[in-house]
1. Through the Karplus equation 6.51 cos²θ - 1.76 cosθ + 1.60, θ set to phi - 60°, convert the phi angles of segment B:47-63 into ³J(HN,Hα) values in whole Hz; use x for Gly and Pro.
2. In nm, give the distance between the simple-model label positions of A:Ser27 and A:Ser55, each being 7 Å from the Cα along the Cα-to-Cβ direction.
3. Could you tell me which of rounded, prolate or oblate describes the protein assembly as shown, using a ≥ b ≥ c as the square roots of the eigenvalues of the alpha-carbon gyration tensor, with rounded for a/c under 1.5 and, failing that, prolate when a/b is larger than b/c and oblate otherwise?
4. Tell me the relative contact order for segment B:8-81 as a rounded percent, counting alpha carbon contacts under 8 Å between residues six or more apart.
5. Give me a comma-separated list of calculated 3J(HN,Hα) values for segment A:54-71, in order, Karplus coefficients 6.51, -1.76, 1.60 applied at θ = phi - 60°, integers in Hz, x for any Gly or Pro.
6. Per residue of A:33-43, what is the mean number of Cβ atoms on other protein chains within 10 angstrom of that residue's Cβ?
7. For the protein assembly as shown, how many pairs of lysine residues have a Cα-Cα distance under 16 Å, where the two are 8 or more positions apart or belong to different chains?
8. Pick from A:Ser48, A:Ser58, A:Ser94 the residue whose mean-square fluctuation is largest in a GNM of chain A, springs joining Cα atoms under 10 Å.
Amino acid sequence: EPEVTQTPSHQVTQMGQEVILRCVPISNHLYFYWYRQILGQKVEFLVSFYNNEISEKSEIFDDQFSVERPDGSNFTLKIRSTKLEDSAMYFCASSVGATADTQYFGPGTRLTVL
Amino acid sequence: LAKTTQPISMDSYEGQEVNITCSHNNIATNDYITWYQQFPSQGPRFIIQGYKTKVTNEVASLFIPADRKSSTLSLPRVSLSDTAVYYCLVVGGPTRDYKLSFGAGTTVTVRA
């Protein structure tokens, strides 16, 4: 069964450093998403991406965040200057269509900012 | 998006049926009800989705009454591995809305 993959599984970085989290969505999916979950808290939507542009973003997704689909398979989330409060699990998801279509989540990247 | 309300936690024993009821009083005509499951340190996993009446798959059943203001996820004969957080979400709607809005979910603990 196809699945969303994410690398790395765990990333440790110093405050102020840039990090890039990588995702490979399911191959025939057209919509891509990033969510995050701070330890013990809810899963929060960050951004959705379709047709090489952002279709929706949350208030969390400020100028420090960016997304890119650099080739036909990868989908990346970049945090330019990490803060302590960026420590969280980051989940990538993909779906065939939007709105009510099932979103398939990856296993997540645990980001720890020191 | 319609707001959902579900119990914070439920305890059960192996072999029992677990029913989690979710209320969504403001559900819109075009909305679907979707349930996800999340194990610790893993991404949410789709379980089941329905619009009305009853939907069943190999994992669960979803019961939706005619007024669609609530729904019940039924997990038959749970095992220890069903211990997880279960999220009820309302998706779709009259406006194009891409994101899934997760609440706190229901933490189901299955004991031996």
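1. Taking θ as phi minus 60°, the curve returns 10, 6, 9, x, 10, 7, 6, 10, 10, 9, 9, 6, 9, 7, 10, 10, 10 Hz for segment B:47-63.
2. Taking the simple label geometry, A:Ser27 and A:Ser55 are separated by 2.2 nm.
3. Working: a/c = 1.97, a/b = 1.49, b/c = 1.32.
Prolate, since a/c reaches 1.5 and a/b exceeds b/c.
4. Working: 130 pairs, mean separation 28.3, N = 74.
Reported as a whole number, the value is 38 percent.
5. Karplus values, whole Hz, x for Gly and Pro: 5, 9, 7, 9, 9, 5, 5, 7, 8, 5, 6, 9, 8, 10, 7, 10, x, 8.
6. Working: counts 3, 0, 5, 0, 5, 0, 1, 0, 2, 7, 12.
Mean partner-chain Cβ count within 10 Å for A:33-43: 3.
7. Numbers: A:Lys42/B:Lys3; A:Lys42/B:Lys99; A:Lys57/A:Lys78; A:Lys57/B:Lys99; B:Lys3/B:Lys69; B:Lys3/B:Lys99; B:Lys52/B:Lys69; B:Lys54/B:Lys69.
Eligible lysine pairs with Cα atoms under 16 Å apart amount to 8.
8. Maximum fluctuation in the GNM of chain A, among the listed residues, is at A:Ser58.
Laboratory data are not the source of any read-out in this text; all were calculated from the coordinates shown. In this text the structure is predicted, and so the values were computed from the model without any measurement. No Cβ is skipped: glycine too gets one built from the backbone with ideal geometry, and neighbour counts run over all protein chains shown.
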